[in-house]
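Just so it is clear, none of the values below were taken in a lab; they were calculated from the coordinates. Just so you know, these numbers come straight off a predicted model, no measurement behind them. Counting neighbours? That spans all protein chains shown, and the Cβs are built from the backbone with ideal geometry, glycine included.
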Amino acid sequence: MAREAEGGRGRDRDREERDSEFVDRLVHINRVAKVVKGGRRFGFAALVVVGDQKGRVGYGHGKAREVPEAIRKATEAAKRSLIRVPLREGRTLHHDVYGRHGSGRVVLRAAPAGTGIIAGGPMRAVFETLGMHDVVAKSQGSSNPYNMIRATFDALGREDSPRSVAARRSLKVSALQARRQGVDADAVDA
């Protein structure tokens, strides 16, 4: 019996260690009121971004009567929806990319080392939890945090690494890089 109880605690400890590798950011809390006979009943909706700062990130939405419970639900949803984003040198994007959701549109641009994260509110939370150090981002259209987050994830989903492009085209990465160097040289000559 003692061994069973010990094994149960061990599982909880493993879960806590796995959860501790993630960084979560609360992006937005929305309060809604339902008018009932005795007055108003308040509910809360939370938008949370979770990432491991090594290239994985996810977002979640949770609703409850209390703020902490809404945040907990949103965090669990975010951990279930993690995506992996390929990063160049572990710090920036491989190429510029556009994303959209509803009327929210975002432009994400790769940046040289030392640029930092140049992005507003909800997008900044995504990049910080993702572990990206250099990026320039612009939100065009809707400033609704839900649409901005979803548009940012749409853009990040379109991000390709040279390795995946080379595999898709049945080439070697070095051949793909050589082609890119040739294009850059032609652009300088022109």
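How would you rank 70-81, 158-169, 46-57, highest first, on the average number of other Cβ atoms within 10 Å across their residues?
Details: 70-81: 18.4, 158-169: 13.8, 46-57: 21.9.
Going by the mean number of other Cβ atoms within 10 Å, highest first, we get 46-57, 70-81, 158-169.
Subtract the Cα-Cα distance of Ser170 and Arg88 from 0.36 nm times their separation in residues, and report this length gain in nm to one decimal. Show your work: numbers first, answer last.
On the way: separation 82, 0.36 × 82 = 29.52 nm, distance 2.10 nm.
Full extension of this stretch gives 27.4 nm more.
Which net charge results for the neighbourhood of Val97, defined as the other residues with beta-carbon distances under 14 angstrom from its beta-carbon, given Lys and Arg at +1 and Asp and Glu at -1? Present the calculation step by step, with values, prior to reporting the outcome.
On the way: positive: Arg88, Arg100, Arg105, Arg109, Lys138, Arg158; negative: Asp96, Asp154, Glu159, Asp160.
Net of charged neighbours comes to +2.
Treat each spin label as a single point 7 Å out from the Cα along the C-beta direction, and report the Glu21 to His95 distance in nm.
Those two pseudo-labels are separated by 3.0 nm.
Take every Cα pair under 8 Å in the stretch 43-102 that's 6+ residues apart, average their separations, divide by the length, and report that relative contact order as a whole percent.
Working: 111 pairs, mean separation 18.6, N = 60.
After rounding, I find 31 percent.
So how far apart, in nm, are the two label points at Gln177 and Asp160 if each is 7 Å from Cα heading toward Cβ?
With each label point 7 Å from Cα toward Cβ, the separation is 1.8 nm.
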